[in-house]
1. Determine the principal axes of the Cα atoms in segment 106-168, then give the extent along each, sorted from largest to smallest and rounded to whole angstroms.
2. Roughly how large, in nm² to one decimal, is the mean projection of the convex hull of the alpha-carbon atoms in segment 54-163?
3. Compute the signed sum of charges (Lys and Arg +1, Asp and Glu -1) over the other residues within less than 12 Å, Cβ to Cβ, of residue 29.
Amino acid sequence: MGRGCSRRLSRSPMDAIALLKQDHREVQKLFRSFRGAGVRASETSGALAAKIVTELSRHSAIEEEVLYPTLRELFPDDESEEFVLEALEEHHVAKSMLAEIDRLSPQDERFRAKVMVLIDSVEQHVAEEERTVLPELRRALSRQRLNELGDALASAKRRAPTRPHPHAPDEPPALPLVGAASAVVDRARDISEEAIRRLTG
């Protein structure tokens, strides 16, 4: 076994908060690139929007499958329940917008405006989550439990859909089953579209 492989196997697991924040930073980087692409750069904007659709679809799925049920378990009070329900509604709105963006041509006059509205909404959601929810999670859970939650999030992300499904269930127990089936269809579509891009590009 090579040294590189040994290092990968011995690497400490990423805790849940670090994983979620890493997802946030990756999406925010895409947002900055989209803003910087300019109105006339439709090809670049289209490629960036496609990545935003994929990353936000996966991130929403893992929060719905793993994070929000954990919050309900840890904090069984009205305030936490209200936060989770509002977050699920924010996800539903975001997924509806993502579905519209996914269908829209980058040359459409509404395309950039839709993505910018989505970005503003997601940035508010992320800011609130990092300001209130993640610190509470850090205080409530041991390092081991955070690592276990991180493993669960990473596992959910590997099988998460890569496209938005605003009408699919957004809570367990139906969510993982429907999400896994959707992910298979999404990945087949991703492969097909990539093959077409290679042939025509």
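What follows draws every value from the coordinates through simple rules; no lab data is involved. In this text the structure is predicted, and so the values were computed from the model without any measurement. Counting neighbours? That spans all protein chains shown, and the Cβs are built from the backbone with ideal geometry, glycine included.
1. Between the extreme Cα coordinates on each principal axis of segment 106-168 lie 49, 28, 19 Å.
2. For the Cα atoms of segment 54-163, the hull's average projected area reads 7.0 nm².
3. +1
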